[in-house]
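The values are calculated or read from the model by the stated rules, or taken from the named source; none is laboratory data. Remember, it's a predicted structure, so these values are computed and weren't measured experimentally. Heads up, the Cβs are rebuilt from the backbone with ideal geometry, glycines too, and the neighbour counts pull from every protein chain shown. Ligands, DNA and RNA are stripped out before the accessible areas are found, and what is left, the full protein with its side chains, is counted by its heavy atoms. Shrake-Rupley method; radii C 1.70, N 1.55, O 1.52, S 1.80 Å.
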Amino acid sequence: MEGIYNQAFSSEENGQEVNNNNFNQDVEKDVTKPSYQEREKWGKDIEFLFSCIALSVGLGNIWRFPFVALANGGGAFVIPYIIVLVLVGRPVYFLEMMLGQFSNKNSVTVYNCVPAFRGVGVGQVFATSVVLTYYSSIMAITLRYLFDSFRSELPWSVCRPEWENCIPANIEISENTTWSSDARSSAELYFLKVVIQARDNILDGIGWPVWNLVGFLALSWFVVFLVLIKGVKSAGKASYVLAIFPYTILLILLIRSLTLPGAFKGIEYFFTPQWEKIIQPSVWYAAVTQVFFSLNIFFGSIVMYASYNRFDNKLYRDVNIVTSLDTFTSLLAGCTIFGIIGHLAHELGVEDVSTVIAPGPGLAFISYPLAISRFTLFPNGFSAIFFIMLYVLGVGTSVAMTSVITTIIKDHCPKIKIWQAVLIVAVVGTIVGSVYLTPGGQSVLELVDFYGSTLIAFILANAQLVGFCYIYGVNRLLNDVNFMLGYYPNFFWKICWRFITPILMTAIAIYFFIFFEIPTDGNYEFPAVAHAIGWCLTAIGLIPFPIFAFYRIYFRKENTWWEKIKSAFRPTESWGPRDPVLLKKYKESL
């Protein structure tokens with residue numbers, strides 16, 4: 001496909017412009033008019049680095065990674081995860097960061113390098129918006145648990161009189177203790193009956209929001225608003241806390257975890273591979289999706305953050321630091337969490353560590369509180385610092401996702417002040433996020449997560465790789481890096497962009513669609529109308545891709561359809577550095 005790119009620029013060799021029609025000339029007006037204004041920049045390079053750390057090192061590492069590993073063979077999962085991180089995560093991270101810094105464009109207009117693919121960027125913004133709406137609801141529940149941690153007794157550690165077949169989380173287990181098969185822990189019942197006031201399944205309706213959670217939701221959005229009130233200037237200052245503070249708490253929890261009886265039994269399980277699972281495609285699919293969540297690639301956030309960089313910022317250094325730190329944090333979190341699980345297995349007299357805690361959407365609010373409530377030393381304090389860590393991680397990721405949306409609003413409506421754009425997103429986010437805080441909200445979250453984010457992001461990820469690596473072309477990407485930084489990337493990046501990363505993603509996509517399974521609501525099937533709404537969400541995220549492609553092709557001024565198609569895949573005339581002086585030099589370098 002790189003032939004398309006070569007044909008697209010052959011007109012320049014004949015003394016013609018890359019693109020002469022009015023359609024492309026007004027895509028980026030700021031570089032063709034005297035009113036050009038330089039894009040806002042990070043206060044310091046380290047603020048960009050810390051912001052990327054706060055974005056990429058989040059709940060995907062602390063919460064999701066340990067239990068994805070648990071469900072996929074323990075140590076056997078770590079091996080595919082690291083391989084996928086190196087061959088997919090790092091190349092895509094570098095690719096997105098490079099294009100954002102090179103063009104100083106947001107996650108939609110960056111597709112000006114392949115105009116027909118601009119709908120991919122629109123779909124990714126939709127997926128990001130969907131994730132942001134339910135991510136903020138998780139932050140609201142986290143605040144509720146943080147508030148409860150300061151009570152004299154952890155409320156989820158004891159059973160209430162009205163709860164039947166309840167097992168207190170802080171009870172001493174003896175060999176003679178027996179429970180009925182339908183008994184549930186006080187931590188689970190507290191989450192379901194008190195915090196979210198859950199209904200049995202979505203067939204009972206979703207109900208009205210739990211209003212105290214809506215209050216915590218509004219407070220969470222207010223915190224995001226304060227962080228972004230001055231754009232990247234204020235976000236950069238907040239990045240020091242958002243990136244460093246969680247590590248402080250994680251180290252405290254790790255030290256405490258390692259001192260608990262039975263902790264090393266859990267850590268041993270974490271690093272002991274079940275080799276029969278390493279060849280299963282499902283484990284590799286889990287590794288790919290975990291890299292998505294862990295590094296936050298294919299959602300537009302990396303492109304957006306990098307668009308505020310200096311043109312010559314040494315991004316290769318930042319890519320290595322963030323991706324290496326991401327792996328280290330996942331392993332560190334694995335040791336911490338599996339240490340706690342090992343201790344819980346020791347306390348309960350259970351030999352199989354994998355059966356102690358079951359993963360699920362309420363994992364952070366059932367299993368972790370249950371384990372912490374069994375700490376004999378200062379359980380309230382450890383509960384508080386655990387939920388503070390979760391909340392700070394949530395803020396770091398939410399700030400980046402919100403910035404993706406506000407950057408696009410600001411770029412297309414320059415007269416809007418940044419705080420106004422953030423306020424609009426915060427108000428809409430509070431209204432939509434309250435849906436997940438209803439008694440049926442967790443079921444809605446399951447549907448929305450699958451249809452509105454994961455499915456869209458996975459399909460568009462493959463489209464992104466096709467657009468950037470094959471149509472725009474790897475050679476052009478390498479030349480752009482050389483123009484920006486003064487050197488060509490080494491052979492590793494070239495071979496990954498051209499072959500390894502797209503092939504791996506294609507193989508995983510084939511597996512995904514062959515073994516495609518629709519989500520279920522626990523032991524219940526979602527009604528047909530719920531799946532219909534879910535597919536509508538998927539369609540909203542995917543339809544912009546063909547619509548924008550058709551629009552770009554149909555309205556070209558060339559005479560034949562073949563010429564129209566070739567023209568729609570050429571970079572726009574404004575594609576290149578945002579600075580007009582650099583853009584002119586770039587055009588000359590072609």
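What the table below lists for this structure:
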{"quantity": "Cα long-axis angle, helix 232-258 against the chain (0 to 90 degrees, to the nearest 10)", "calculated": "30 degrees"}
{"quantity": "Given LYS105/LYS237; LYS417/LYS557; LYS44/LYS105; LYS410/LYS557; LYS105/LYS584, the pairs whose alpha carbons are separated by over 27 Å", "calculated": "LYS417/LYS557; LYS410/LYS557"}
{"quantity": "Cα gyration tensor category, rounded, prolate or oblate, for region 401-520 with a/c compared to 1.5", "calculated": "oblate"}
{"quantity": "SER185 long-range amide H proximity, modeled H, under 5 Å", "calculated": "ILE167"}
{"quantity": "Cα gyration tensor shape for region 206-255, rounded if a/c is under 1.5, else prolate or oblate", "calculated": "oblate"}
{"quantity": "Total formal charge among the other residues, if their Cβ is under 14 angstrom from that of LYS417, Lys/Arg +1 and Asp/Glu -1", "calculated": "+2"}
{"quantity": "Low-density loop cleavage sites - GluC sites (Glu not before Pro) in region 485-590, where at most 12 other Cβ are within 10 Å (DSSP)", "calculated": "GLU517"}
{"quantity": "Distance from region 206-259 to region 287-361 (C-alpha centre basis), Å", "calculated": "17 Å"}
{"quantity": "Restricting region 263-364 to trypsin sites (Lys or Arg not before Pro) in coil, as DSSP defines it, with at most 15 other Cβ within 10 Å", "calculated": "ARG310, LYS314"}
{"quantity": "Residues of region 53-194: accessible area per residue with a 1.4 Å probe, Å²", "calculated": "30 Å²"}
{"quantity": "Relative contact order for region 413-523, counting Cα pairs under 8 Å that sit 6 or more residues apart, in percent", "calculated": "25 percent"}
{"quantity": "Folded to 0 to 90 degrees: helix 528-542 orientation relative to the chain principal axis, Cα", "calculated": "30 degrees"}
{"quantity": "Size-normalised alpha-carbon gyration radius of region 277-406, reference 2.2 N^0.38 Å", "calculated": "1.31"}
{"quantity": "Pairwise Cα inverse-distance average, inverted: Kirkwood Rh of the chain (Å)", "calculated": "25.1 Å"}
{"quantity": "DSSP-loop chymotrypsin sites (Phe, Trp or Tyr not before Pro) across region 425-508, with at most 10 other Cβ within 10 angstrom", "calculated": "TYR487"}
{"quantity": "Between 0 and 90°, nearest 10: helix 281-295 axis offset from the chain longest Cα axis", "calculated": "80 degrees"}
{"quantity": "Accessible carbon and sulfur surface of the chain relative to its total accessible area, %, 1.4 Å", "calculated": "65 percent"}
{"quantity": "Value of relative contact order over region 455-590, rounded to a whole percent, pairs C-alpha under 8 Å and six or more apart", "calculated": "21 percent"}
{"quantity": "Ellipticity estimate at 222 nm from DSSP helix runs (n ≥ 4, -39,500 (n - 2.57)) divided over the chain, nearest 500", "calculated": "-19000 deg cm²/dmol"}
{"quantity": "Relative contact order (percent, whole number), the chain, Cα cutoff 8 Å, 6+ residue spacing", "calculated": "34 percent"}
